[in-house]
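**Student:** Dropping a structure here in structure tokens format, bear with me for questions.
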Amino acid sequence: MTLGVGGSDAATELAKLSNVCTDIVAIDEKEFQQRIDRAQQLMLRENIAAVYLNAGTNLFYFTGTRWFASERMVGAILPAKGEIIYIAPYFEQGTILQFMGIKGNIQPWQEHQSPYQLFCDTLESMGITQGNIGIDESSPFFISNGIDLASDSFTLVSAKSITAGCRAIKSGAELQLMQTAKDITLEVQKAAARILRVGISTAEVSEFIDAAHRKMGAPKGSYFCIVLFGVDSSFPHGVKDSQALAENDMVLIDTGCMVENYISDITRSYVFGEPNQRQRTLWQVEYNAQQAAFDAAVIGAPCANIDIAARKYLASQGMGPDYQTPGCPHRTGHGIGLDIHEWPYLNRAETTALEAGMCFSNEPMLVIPEEFGIRLEDHFYMTDDGPKWFTQPSPSIDNPFAY
């Protein structure tokens, strides 16, 4: 039997877990203001007069104001010079004030009024009568189109150079929150492996993982959870129906949680029972591909190099080529932070240079159609001296949790 897999039950494992988030320090107002300052520096450099931040992650990142996007325009105008101003419905003002991080005036609109015209009028009241206006790239089309139709004085451009330009580089406080989230999820992965038994369903394992995340201090439980057994493990993002575990099945569990809005995302693959030679050989190929990607992470090099290195190794082992299977059908990794997938991405078209503070998943999954899949996913962050793992990769198929 694979070491650390099976032999326990959910009640026993939940009883062992405890809250590790009691002393967590959230991002403070000073850091939010530093983010705004950085964004304004980039805006001046990029010749962007103001940026619209739509309700969602970008608004939260710069202001600490948590609000979810809907069919109503709620957001903020961040000028290259000056104070932030919020745009919101009249009837939401009181609630938004409760959620507001960085304080700012609210320009309200009634239900029969055009928030897009209000946006343009507010820009003019701020002394911005023309020029480039950055639109948060996550904004829905109806907002950007509404603004565009409301005035021909402005040129709308993507704000990605500002939003990604700031968010891609994590601060020490962000890295610590992410480290805590990842530490939690790795312990939950270990506990989940121990409750496995013949006949247990993927749904039962998912329910345990959610409860375990909560027990360790993640109040919303699992941010997501993919549990796959046997042939189903060859479907990277899961299958429609739950299934039961059989002896010698490949197990793939991909899950994560949130700590103060920062996300973890860890995948482990191993065999319930005794791995056969094919499983052993291909597990080692996956391990080596993950290491090849890590070794290619060099400060100043393009992100593309990481994906290229993993695929070059896989091709040398008869996998692929490119996205063909047997092999890796998707990019090697993605950035992570407040969003589970964010910039930059680890694919061979990504020319962004690696900088200290960037954080990535490393997961060049192997898909063996009609047999099984193997994904080993850990995350690393860049330092001036090169990449550093948040969590250590699985050392072997026989001892996936390094006992």
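**Student:** It is to be established whether one or more residues within region 193-213 are over 30 Å from D232 (Cα atoms) and open to solvent by less than 20 Å² (accessible area, probe 1.4 Å). I'd like the intermediate steps shown before the answer.
**Tutor:** Filtering region 193-213 for residues over 30 Å from D232 (Cα atoms) gives none.
Checked against the condition, which is being over 30 Å from D232 (Cα atoms) and open to solvent by less than 20 Å² (accessible area, probe 1.4 Å), region 193-213 yields no hits at all.
**Student:** Something else about it: Looking at (1) touching a strand residue (DSSP E or B) at 6+ places or on another chain (Cβ under 7 Å); (2) buried (at least 17 other Cβ atoms within 10 Å of the Cβ); (3) touching a residue at least 40 places away in the same chain (Cβ under 8 Å), can you tell me which one I368 breaks?
**Tutor:** Of everything listed in (1) touching a strand residue (DSSP E or B) at 6+ places or on another chain (Cβ under 7 Å); (2) buried (at least 17 other Cβ atoms within 10 Å of the Cβ); (3) touching a residue at least 40 places away in the same chain (Cβ under 8 Å), I368 misses just condition (1).
For (1) assigned to a loop (DSSP other than H, G, I, E, B); (2) of a type in the set (S, T, Y); (3) open to solvent by 30 Å² or more (accessible area, probe 1.4 Å), each residue gets a yes or a no:
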site: Y287; (1), (2), (3): no, yes, yes
site: V298; (1), (2), (3): yes, no, yes
site: L314; (1), (2), (3): no, no, no
site: D322; (1), (2), (3): yes, no, yes
site: R331; (1), (2), (3): yes, no, yes
site: G337; (1), (2), (3): yes, no, no
site: W343; (1), (2), (3): no, no, yes
site: G357; (1), (2), (3): yes, no, no
site: D378; (1), (2), (3): no, no, no
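**Student:** What are the residues in region 227-255 that are β-branched (V, I, T), more than 13 Å from A192 (Cβ to Cβ) and touching a residue at least 12 places away in the same chain (Cβ under 8 Å), if any?
**Tutor:** Looking only at region 227-255, we keep the residues that are β-branched (V, I, T), and these are 227, 231, 239, 251, 253, 255.
Filter once more, so that each one left must be more than 13 Å from A192 (Cβ to Cβ): 231, 239.
The one that is β-branched (V, I, T), more than 13 Å from A192 (Cβ to Cβ) and touching a residue at least 12 places away in the same chain (Cβ under 8 Å): V231.
**Student:** Quick check on my filter: what residues within region 143-165 are touching a helix residue (DSSP H, G or I) at 6+ places or on another chain (Cβ under 9 Å), over 20 Å from K81 (Cβ atoms) and either loosely packed, with under 14 Cβ neighbours inside 10 Å or β-branched (V, I, T) (or both)?
**Tutor:** Those that are touching a helix residue (DSSP H, G or I) at 6+ places or on another chain (Cβ under 9 Å), over 20 Å from K81 (Cβ atoms) and either loosely packed, with under 14 Cβ neighbours inside 10 Å or β-branched (V, I, T) (or both): I143, N145, I147, L149.
**Student:** Let me ask you something else. Taking only region 106-157 into account, find how many residues are in contact with a Cys (Cβ under 8 Å, 6 or more places away or on another chain) and not in a helix (DSSP H, G or I). It would help to see each step written out before you state the result.
**Tutor:** The initial filter retains those residues of region 106-157 that are in contact with a Cys (Cβ under 8 Å, 6 or more places away or on another chain), namely 147, 150-151, 153-154.
Filter once more, so that each one left must be not in a helix (DSSP H, G or I): 151, 153-154.
So the answer is 3.
**Student:** Consider only pairs whose beta carbons are under 6 Å apart and that are at least six residues apart or on different chains; among these, list those whose first residue lies in region 174-191 and is in contact (Cβ under 8 Å) with a residue 40 or more places away in the chain and whose second residue is open to solvent by less than 40 Å² (accessible area, probe 1.4 Å) and part of a helix (DSSP H, G or I).
**Tutor:** V188/I209; V188/A212; V188/H213; A191/E13; A191/A212
**Student:** Counting just the residues of region 80-96 that are touching a residue at least 40 places away in the same chain (Cβ under 8 Å) and out of contact with any strand residue (DSSP E or B) (no Cβ under 7 Å at 6 or more places or on another chain), which one comes out least open to solvent (accessible area, probe 1.4 Å)? Please lay out each step first, then the result.
**Tutor:** Looking only at region 80-96, we keep the residues that are touching a residue at least 40 places away in the same chain (Cβ under 8 Å), and these are 80-82, 84-85.
Subsequent filtering for residues that are out of contact with any strand residue (DSSP E or B) (no Cβ under 7 Å at 6 or more places or on another chain) retains 81-82.
Working: K81: 159, G82: 47 Å².
Residue satisfying both the conditions and the ranking: G82.
**Student:** Still on this structure, I have one more. Any idea which of N54, N47 is touching a residue at least 40 places away in the same chain (Cβ under 8 Å) and at positive phi?
**Tutor:** On the way: N54 fails: at positive phi.
Every option except N47 fails the conditions.
**Student:** Which residue pairs have Cβ atoms under 7 Å apart, sit 6 or more places apart or on different chains, and have a first residue in region 66-79 that is more than 17 Å from F91 (Cα to Cα) and a second that is of a type in the set (V, I, T)?
**Tutor:** I77/I84; I77/I85; I77/I87; I77/T122; L78/I36; L78/V51; L78/I84; P79/I128
**Student:** Kindly check whether there is at least one residue in region 45-59 that is under 27 Å from M178 (Cβ atoms), in contact with a helix residue (DSSP H, G or I) (Cβ under 7 Å, 6 or more places away or on another chain) and of a type in the set (S, T, Y). Show your work before the answer.
**Tutor:** Here is the first cut: in region 45-59, the ones under 27 Å from M178 (Cβ atoms) are 51, 53-59.
Next cut, in contact with a helix residue (DSSP H, G or I) (Cβ under 7 Å, 6 or more places away or on another chain) only: 51, 53-54, 58.
Add one more test, that the residue is of a type in the set (S, T, Y), and what stays is none.
Within region 45-59, none of the residues are under 27 Å from M178 (Cβ atoms), in contact with a helix residue (DSSP H, G or I) (Cβ under 7 Å, 6 or more places away or on another chain) and of a type in the set (S, T, Y).
**Student:** Here is a list of conditions, (1) out of contact with any Ser or Thr (no Cβ under 7 Å at 6 or more places or on another chain); (2) surrounded by fewer than 21 Cβ atoms within 10 Å (Cβ to Cβ), and T65 meets all of them except one; can you say which number that is?
**Tutor:** (2)
Matching residues to (1) under 22 Å from the mean Cα position of the chain (by Cα); (2) under 30 Å from P275 (Cα atoms); (3) among the β-branched types (V, I, T):
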position: P326; (1), (2), (3): no, yes, no
position: I336; (1), (2), (3): yes, no, yes
position: T351; (1), (2), (3): yes, no, yes
position: G357; (1), (2), (3): yes, no, no
position: D378; (1), (2), (3): yes, yes, no
position: T383; (1), (2), (3): yes, no, yes
position: G386; (1), (2), (3): yes, no, no
position: W389; (1), (2), (3): yes, yes, no
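**Student:** Go through region 111-128 and count every residue that is of a type outside the set (D, E, K, R) and open to solvent by 80 Å² or more (accessible area, probe 1.4 Å). Break it down stepwise before answering.
**Tutor:** First pass over region 111-128, keeping only residues of a type outside the set (D, E, K, R): 112-120, 122-123, 125-128.
With open to solvent by 80 Å² or more (accessible area, probe 1.4 Å) added as a condition, the list becomes 112-113, 125.
Adding up the residues that qualify gives 3.
**Student:** Looking at region 242-285, which of its residues are over 20 Å from G6 (Cα atoms), of a type in the set (D, E) and open to solvent by 10 Å² or more (accessible area, probe 1.4 Å)? Steps first, please.
**Tutor:** Here is the first cut: in region 242-285, the ones over 20 Å from G6 (Cα atoms) are 256-265, 277-278, 281-282, 284-285.
Restricting the remaining residues to those that are of a type in the set (D, E) gives 260, 265.
Scanning region 242-285 gives a single hit, E260.
**Student:** A further question follows. Would you mind finding the one in E46, E13 that is acidic (D, E), modelled with pLDDT of 95 or more and buried (at least 19 other Cβ atoms within 10 Å of the Cβ)?
**Tutor:** Residue meeting the stated conditions: E13.
The values are calculated or read from the model by the stated rules, or taken from the named source; none is laboratory data. Nothing here was measured: the structure is a model prediction, and the numbers come from that model. Heads up, the Cβs are rebuilt from the backbone with ideal geometry, glycines too, and the neighbour counts pull from every protein chain shown. Remember, those area values only see protein heavy atoms, side chains included, never the ligands or the DNA or RNA. Shrake-Rupley method; radii C 1.70, N 1.55, O 1.52, S 1.80 Å.
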